[in-house]
């Protein structure tokens, strides 16, 4: 059908509009393409030229700086130092053996080291950088950097490595870091990608391990352009990582250093605790070791020397070591007897030097006996027979319950490794452990801290703090994280009768200041710092009837590992307790002769805030104390580091 002129005009107009719209769209597309083409040709020409030559962009993780650890006064006790190192990426290197051979012309590497590197490369993904060498000198590092064109796959890096500026002072409590091992990764469900970086350092033991997540920080990244040979051409962008948290401990660096010096070469441990809030001011195990050796890579001979040492320097005796507490346990037995009503404050027992039980003699340490002994004097004289008599009345279950109430036989929550629970025995405990019934002889042994009873130096310090305050003081090691204080809950009352606690404290006061006190020789004569304490000597061997008949062999005539352990606990000032101290000297002999003077000196240092005046010591000992100080290598306090604030 023929269209009318009017229809033809309308059709023409419609076609024209569509054409214009289509033309506009096409023009816009062409304009956008032209603008993009101009941008690619002019503004990003170099970038795309490099990409066209086979370059690629890679994202590399940047390890964060590990968090600092400070003492209570802000002194740095664990930090970071600059470390020059080089890594190798197999995918980028091509002929790995040839690259390593060329690298060996620049830095010294043994055949053994080379073999280890090649073995590590085989175990890892070809895209994972492997650490080739670290702790390089600036000359070595710069030589490698200059020769990178001839060393494909080799990347010089400036990183950070952990350092412990106080050496062995904090070795056992802080622990150390080391390279992440396959074993470390196997224990984690979803390992942080940071842990796969070459030579990334992870907390292995101690605070470094327990607070790993806070100290590690968060990774940064950088976008780098590499050419077809794998060589970095330029850095496109960088986002720095977030440093780990700054952790401030309750420890006092000066007191910790003095404690370590005072323990010296003994196989020993000491703990200093604030009885008011539970802050641990010093916790030292001797002999110690330099944790920096583990960070830098300890050699086989060095490690074997530590492992084979008879004083066990790698063991943390403060929390891992458990010992028969000896007579330091008598406050537990006494309070159990008083609280149960088995003994009254005015009671006394007669000591003839031994007690017969079922045909077996249980001896007092004083062969001739002490005669009639009252309650507070039982601690002053440390009469064993008094506690044998008491144990028969009170029973082991009440003694064990009191031990746990005072902190023994309990695992305390601290960020340290392998904290021992100790043993506060009971009838049910022996049945479960040995499938044997409890006998009365077990109670007699336990009453004087022998037999099945075991306690760590930490637990003995807690026990002493609780006796001194009457409160369930709990230990703590961390004071703040990134400047935010860790809250301290008020310690609840132990629920013991004040008059019973007063008797135990009176007995401990008499140990130091009574005319017949077993530790009178180690007393503090400054009245404002007067201390109360308790000696302990725990046997590590059985003494036969024949030996007793001819005379017990003295400790100094025995081989070192068969001598008694020496123990001592104390607190001061007597009238207003501030600090509690426990000391254990393995195979040291008598607690009064060996452990008590050490604990007294440490306690005085804490009270004085440094070396105390010689007038605080008995007059006859001042020359000896002065000569002893001259042999010490005490470290002066260092400038405090600022404590970071909360980043939240």
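The values are calculated or read from the model by the stated rules, or taken from the named source; none is laboratory data. Predicted model, so just to flag it, every value in this text is computed and none were measured. Methodologically, a virtual Cβ is constructed for each residue, glycine included, from the backbone with ideal geometry; neighbour enumeration extends over all protein chains shown.
Here is how the numbers come out for the structure above:
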{"item": "Considering residues of the range 444-458 that are touching a strand residue (DSSP E or B) at 6+ places or on another chain (Cβ under 7 Å) and surrounded by 24 or more Cβ atoms within 10 Å (Cβ to Cβ) only, the residue nearest to residue 387 (Cα to Cα)", "result": "444"}
{"item": "Looking only at the range 43-65, and only at residues there that are under 14 Å from residue 240 (Cβ atoms) and touching a helix residue (DSSP H, G or I) at 6+ places or on another chain (Cβ under 8 Å), the one that is modelled with the highest pLDDT", "result": "64"}
{"item": "Some residue of the range 376-391 being in a helix (DSSP H, G or I), touching a helix residue (DSSP H, G or I) at 6+ places or on another chain (Cβ under 7 Å) and at pLDDT below 95", "result": "yes"}
{"item": "The listed residue being crowded, with 16+ Cβ neighbours inside 10 Å, closer than 18 Å to residue 243 by Cβ and in contact (Cβ under 8 Å) with a residue 24 or more places away in the chain, out of 173, 177, 158", "result": "177"}
{"item": "Failed criterion for residue 107 (all others in (1) surrounded by fewer than 20 Cβ atoms within 10 Å (Cβ to Cβ); (2) modelled with pLDDT under 85; (3) touching a strand residue (DSSP E or B) at 6+ places or on another chain (Cβ under 8 Å); (4) more than 30 Å from residue 254 (Cβ to Cβ) hold)", "result": "(2)"}
{"item": "From the options 185, 202, residue that is at pLDDT 80 or above, surrounded by fewer than 16 Cβ atoms within 10 Å (Cβ to Cβ) and farther than 30 Å from residue 597 by Cβ", "result": "185"}
{"item": "Out of 535, 518, 464, sole residue that is touching a strand residue (DSSP E or B) at 6+ places or on another chain (Cβ under 6 Å), in contact (Cβ under 8 Å) with a residue 40 or more places away in the chain, assigned to a loop (DSSP other than H, G, I, E, B) and buried (at least 19 other Cβ atoms within 10 Å of the Cβ)", "result": "518"}
{"item": "Test result for residue 277, surrounded by fewer than 19 Cβ atoms within 10 Å (Cβ to Cβ) and either part of a helix (DSSP H, G or I) or modelled with pLDDT of 95 or more (or both)", "result": "yes"}
{"item": "Yes/no for residue 346 being closer than 30 Å to residue 251 by Cα, assigned by TED's automatic domain parsing to the domain that holds residue 429 and not in a helix (DSSP H, G or I)", "result": "no"}
{"item": "Residue check for residue 208: within 14 Å of residue 66 (Cβ to Cβ), in a helix (DSSP H, G or I) and out of contact with any strand residue (DSSP E or B) (no Cβ under 7 Å at 6 or more places or on another chain)", "result": "no"}
{"item": "Of residues in the range 110-124 being surrounded by 12 or more Cβ atoms within 10 Å (Cβ to Cβ) and in contact with a helix residue (DSSP H, G or I) (Cβ under 9 Å, 6 or more places away or on another chain), the one modelled with the lowest pLDDT", "result": "124"}
{"item": "Residue match in the range 478-493 (condition: in contact with a helix residue (DSSP H, G or I) (Cβ under 7 Å, 6 or more places away or on another chain) and assigned to a helix (DSSP H, G or I))", "result": "no"}
{"item": "Count - residues of the range 147-194 that are in a strand (DSSP E or B), more than 22 Å from the chain's Cα centre (by Cα) and under 24 Å from residue 213 (Cα atoms)", "result": "2"}
{"item": "Any pair with Cβ under 7 angstrom, 6 or more apart, that starts in the range 411-423 at a residue that is on the phi > 0 side of the Ramachandran plot and ends at one that is modelled with pLDDT of 95 or more", "result": "418/320; 422/322; 422/408; 422/409; 422/454; 422/455; 422/456; 422/459"}
{"item": "Options 528, 547; residue that is surrounded by fewer than 16 Cβ atoms within 10 Å (Cβ to Cβ) and modelled with pLDDT of 95 or more", "result": "528"}
{"item": "Leading residue by the ranking (surrounded by the most Cβ atoms within 10 Å (Cβ to Cβ)) among those in the range 388-430 that are closer than 17 Å to residue 504 by Cβ and in contact with a strand residue (DSSP E or B) (Cβ under 9 Å, 6 or more places away or on another chain)", "result": "403"}
